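Just passing along the structure, written as structure tokens.
The values are calculated or read from the model by the stated rules, or taken from the named source; none is laboratory data. All of these numbers come straight from a predicted model, not from anything done at the bench. Here the Cβ positions follow ideal geometry from the backbone for every residue, glycine too, while neighbour counts run over all protein chains shown. Quick note on the areas: whole protein, heavy atoms, side chains included, nothing else; ligands and nucleic acids left out. Shrake-Rupley method; radii C 1.70, N 1.55, O 1.52, S 1.80 Å.
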Amino acid sequence: MRVSAARTMEAGDAVAGASPRICYVACPTSLTLESANAIQTFTTLRELRALAPSTLALVPRWLGQRSRFGEVGARHLPRPAVGKLSRLYPTTLWYYVERSLFAAMTATVVSWEWLRGRRIGVVYVREVVCAGWWAAIWGPLLGVPVIYEAHDLESRNPSRAKERWVQPVLDRLDRSALAKSAAVVSLTEDFRRLLATTGWRRSQDVAVIPDAFDERQIVPGDRATARRRLGIPLGEPLVVYAGMTFSYRGLDRLLEAFAKIRSALPSARLALVGGRQAEVADLKGVAARLPLEGAVVWASQLPQSEVLPYLQAADVLVIPDTVTDVTASPLKLFEYLAVGRVVVLPDIPALQEILPVDVGYYFRRGDVADMTRALGAALEDPGRSKREEAGRDVVAPHTYAARAARILELATATAGPTRGTTA
């Protein structure tokens, strides 16, 4: 069941009245929305519950831990503290055990709901370990179809368990989650094609539902007003990168490219917004070895509302690299475009699905010289305003309300007409 990114919200509205009750299982990396993963999960849930109020969202939480997810009606289950054992024996394997226990807890909740006469029509999972257990064990056992929103292959995740013996297990986990789920959601057409090529999943069983932007939070703004708020002169060319964390994002290459830009545009400035303390310290060391004194604005990790003025103040927004490739659908791309600024980004096919090559300023991935060329082209392009307008048009359909409608449409089709309709 393929759902096109261009499908409108009205399709979801048409089925909302007879929609199945969804159990949405997620393990956000921050319960206080300090990561893109958490923002994606939170905002999707907010809009999904607006369309389908009976949606049951299950999220793990340590005892006493602060969480924003109660605001969108999530039910918090006790988070097994197994991962903390990595302090005694450092391996990420502990987290696989932790997620497995959480998956069993969610199955218990779904069973209890069934006993209370509140049957779940479909389980929607966006975490690979939970998806593996639900697709292979809990879903068939409880008679509930499973939809897996796959963000990458765990077998090539940079944060995966690195022990050699566990690699075949991770491969089996990927295959189980992808092949045994009733349907799969991919963020990109590129990943959908990969699954079909490997034979793990038929194309018609994969729905492409890209990421989105929060139209309540991310809005265009006047550049001059934003500059005054931040104390940045209007006449200085400004390049901005904003990200919750800097790991694996190629920020060192961005600094090198920007140092070359400064030789042609000595008044240009670069603002880096976000990053953990240790990551920022490492990058400051890189910047100190380059001719960038006074040229970089180092903004700390900020709430989303305080990041927005930096985006609005920019002449050019940049994505120096992505953690993934065929599944690359970074939240920042959608937010950049929604603010109405042009984007410099690597030539990854998955990104080109969202931003056409004649609207974005693309460079060869990992090539500092070509990134420098793209940055210069964007900063000095007299037709930049036309690309800004085109970018806003491109991103307009990708709201979280529309994304939730597509998820609801897929859930309704997957559950079928006789399973778990809402009361």
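Are any residues in the stretch 286-304 open to solvent by 20 Å² or more (accessible area, probe 1.4 Å) and either part of a helix (DSSP H, G or I) or among the basic types (Lys, Arg) (or both), and if so, which ones?
Those that are open to solvent by 20 Å² or more (accessible area, probe 1.4 Å) and either part of a helix (DSSP H, G or I) or among the basic types (Lys, Arg) (or both): Val286, Ala288, Arg289, Gln304.
Considering only the stretch 38-132, give the strands (runs of 3 or more DSSP E) lying wholly within it that have at least 2 residues that are touching a strand residue (DSSP E or B) at 6+ places or on another chain (Cβ under 9 Å) and crowded, with 19+ Cβ neighbours inside 10 Å. Explain how you work it out, then say what you get.
Details: elements: 56-61, 75-78, 122-125.
Once the strands (runs of 3 or more DSSP E) in the stretch 38-132 are filtered for at least 2 residues that are touching a strand residue (DSSP E or B) at 6+ places or on another chain (Cβ under 9 Å) and crowded, with 19+ Cβ neighbours inside 10 Å, what remains is 56-61, 122-125.
Thr245 is checked against (1) open to solvent by 10 Å² or more (accessible area, probe 1.4 Å); (2) closer than 30 Å to Gly285 by Cα; (3) not in a loop (DSSP other than H, G, I, E, B) and fails just one. What number does that condition carry?
Answer for Thr245: the failing condition is (3).
Now, a different point. Looking at the stretch 252-285, which of its residues are assigned to a helix (DSSP H, G or I) and among the hydroxyl-bearing types (Ser, Thr, Tyr)?
Filtering the stretch 252-285 for residues assigned to a helix (DSSP H, G or I) gives 252-264, 277-285.
Once the filter is applied, which keeps residues that are assigned to a helix (DSSP H, G or I) and among the hydroxyl-bearing types (Ser, Thr, Tyr), the stretch 252-285 yields only Ser263.
On to the next question. Take the residues in the stretch 253-271 that are within 15 Å of Val368 (Cβ to Cβ) and without any contact (Cβ under 8 Å) to a residue 40 or more places away in the chain; name whichever of them is farthest from the chain's Cα centre (by Cα).
Among residues in the stretch 253-271 that are within 15 Å of Val368 (Cβ to Cβ) and without any contact (Cβ under 8 Å) to a residue 40 or more places away in the chain, the one farthest from the chain's Cα centre (by Cα) is Ser263.
In addition: Just give me the residues in the stretch 364-413 being in contact with a strand residue (DSSP E or B) (Cβ under 6 Å, 6 or more places away or on another chain) and free of Cβ contacts under 8 Å to residues at least 60 places away in the same chain, in sequence order.
Once the filter is applied, which keeps residues that are in contact with a strand residue (DSSP E or B) (Cβ under 6 Å, 6 or more places away or on another chain) and free of Cβ contacts under 8 Å to residues at least 60 places away in the same chain, the stretch 364-413 yields Arg365, Asp370, Ala374, Ala377, Arg387, Glu388.
Give the residues of the stretch 313-341 that are open to solvent by 10 Å² or more (accessible area, probe 1.4 Å) and closer than 21 Å to Glu380 by Cβ, sorted by residue number.
Matches in the stretch 313-341: Asp315, Arg341.
Further, regarding this structure: Tell me, yes or no, whether the stretch 318-335 has at least one residue that is out of contact with any helix residue (DSSP H, G or I) (no Cβ under 7 Å at 6 or more places or on another chain), free of Cβ contacts under 8 Å to residues at least 12 places away in the same chain and aliphatic (A, V, I, L, M).
no
Conditions tested, residue by residue: (1) closer than 23 Å to Asp205 by Cβ; (2) among the charged types (D, E, K, R); (3) modelled with pLDDT under 95; (4) under 16 Å from the mean Cα position of the chain (by Cα).
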site: Val3; (1), (2), (3), (4): yes, no, yes, no
site: Thr8; (1), (2), (3), (4): yes, no, yes, no
site: Cys23; (1), (2), (3), (4): yes, no, no, no
site: Ser30; (1), (2), (3), (4): no, no, yes, yes
site: Thr44; (1), (2), (3), (4): yes, no, no, yes
site: Val59; (1), (2), (3), (4): no, no, no, no
site: Ser67; (1), (2), (3), (4): no, no, no, no
site: Tyr89; (1), (2), (3), (4): no, no, yes, no
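With respect to Pro309, determine if the residue is assigned to a helix (DSSP H, G or I) and open to solvent by less than 10 Å² (accessible area, probe 1.4 Å).
yes
Every residue in the stretch 70-96 that is among the aliphatic types (A, V, I, L, M) and under 26 Å from Ser54 (Cα atoms), please. Even if it seems obvious, please write down each step before you answer.
Here is the first cut: in the stretch 70-96, the residues among the aliphatic types (A, V, I, L, M) are 72, 74, 77, 81-82, 85, 88, 93.
Those that are among the aliphatic types (A, V, I, L, M) and under 26 Å from Ser54 (Cα atoms): Val72, Ala74, Leu77.
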